[in-house]
Amino acid sequence: MHADSIQFAQPSHAAGFSELAGSSNHVLTRPRRVALLMVGVWILNAFDLGFTGIATALGNFTELNPIAAHLLDTDWTHVMLYKIGLTALGTLIMMRLARHSVAELGCWLLFSAYVYVAVRWYVYYEYWFNETAMLYRFSNM
């Protein structure tokens, strides 16, 4: 299969999860694209949750989201339920509106925002590991 053989098409009827089952003509309908983007959002959200947990455990992290910061002060389970619940609610809304172009645009924006967050986490940990290594080297001189 060549990259140019993938066709993009808009469904002519209301579509939902049943259209995601697959087809032999390689048509990526809007509901499929929305579903794939939401899968990407879930994966990046899981990494964000994990990196937040690690940074919190290391003790050098300040959560800027006031709701999540409050939940981090109470119990880690609440933070997980908060993030999973909001992502699940967003997924239900996006899949309900999957046949509309605004839902696809919203998914692209959300996915892009999570990619940005993933890059920020990479920069955060890169800096943290470099600083830790440098402090370790200086303390052993």
Legend entry - Among 34-42, 98-106, 56-64, the order from most to least packed when residues are scored by Cβ within 10 Å on average: 34-42, 98-106, 56-64
Inset, instruction - Starting at the first residue of the range 84-93, write each ³J(HN,Hα) from the Karplus equation 6.51 cos²θ - 1.76 cosθ + 1.60 with θ = phi - 60°, in whole Hz, x for Gly and Pro. - result: 5, x, 5, 5, 5, 4, x, 5, 4, 5
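Within 10 Å of each residue's Cβ, count the other Cβ atoms and sort TYR124, TYR114 from fewest upward.
Fewest-to-most ranking of TYR124, TYR114: TYR124, TYR114.
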Inset, instruction - Beyond 21 Å, what share of the Cα-Cα pairs of the range 33-139 is found? Please give it as a whole percent. - result: 45
Legend entry - Separation of alpha-carbon centers, the range 59-82 and the range 29-50, rounded to whole Å: 22
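Values in this text are rule-based calculations from the coordinates and carry no lab data. All values reported here derive from a predicted model rather than from experimental measurement. Here the Cβ is made from the backbone with ideal geometry for all residues, glycine too, and neighbour counts use every protein chain on show.
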